[in-house]
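Some notes on the structure that comes next.
Read-outs throughout are calculated quantities, based only on the coordinates presented, and are distinct from any laboratory measurement. Bear in mind that the values here come from a model prediction, so they are computed numbers and not experimental data. Cβ placement follows ideal geometry from the backbone for every residue including glycine, while neighbour counts extend to all protein chains displayed.
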Amino acid sequence: MYRSGAGRLSARAARCRGPDPNSCFRYSSSYNRTMLWKIDAQSTQPLHEQLAGQIRRGIAAQELAEGEKLPPARDLAQGLGVNMHTVLRAFQTLRDEGLLEVRRGRGTSVARDAKSATRQVELARRLVKEARRAGLGNREILQLVEVQL
């Protein structure tokens, strides 16, 4: 079982059982849903991007509701077996995308308009991916978008 704070057991969070117990974190939300976050230390994708991607997918799939609080960064980091700054970096990325609201002392929650922001971020990612596939560089992609504004 996952321990949080001063040694007390958390009813909302638990480490996963398996070959690498540090690689996943099960979180039961206040909305009676459970979300499983996994980190693959062998992946070439940075850990913070893996976590941000999973939270992004959770919001898009409505596994995380708008306004729902996420576990504290310290608890999530301990459960995943990663540095707390890795979790904070993932949260910061998602905050910059408009998907999370981070408030000191109050925790991190899913932004009220996160569903629409998720769609916009995904469309932007697809645009960049397709433009790169077509051989365009960063400046050319920016010019393409600026023309549309």
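Numbers below:
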{"read-out": "Net +/- balance of residues flanking R112 in space, Cβ distance below 12 Å, scoring K and R +1, D and E -1", "value": "-3"}
{"read-out": "Partner lysines for K69 [C-alpha distance under 17 Å; skip if fewer than 8 residues away on the same chain]", "value": "K115"}
{"read-out": "By average C-beta atoms within 10 angstrom, highest first, the peptides 125-132, 111-118", "value": "111-118, 125-132"}
{"read-out": "Peptide ranges 70-77, 46-53 listed from the most packed, as the mean C-beta count within 10 angstrom indicates", "value": "70-77, 46-53"}
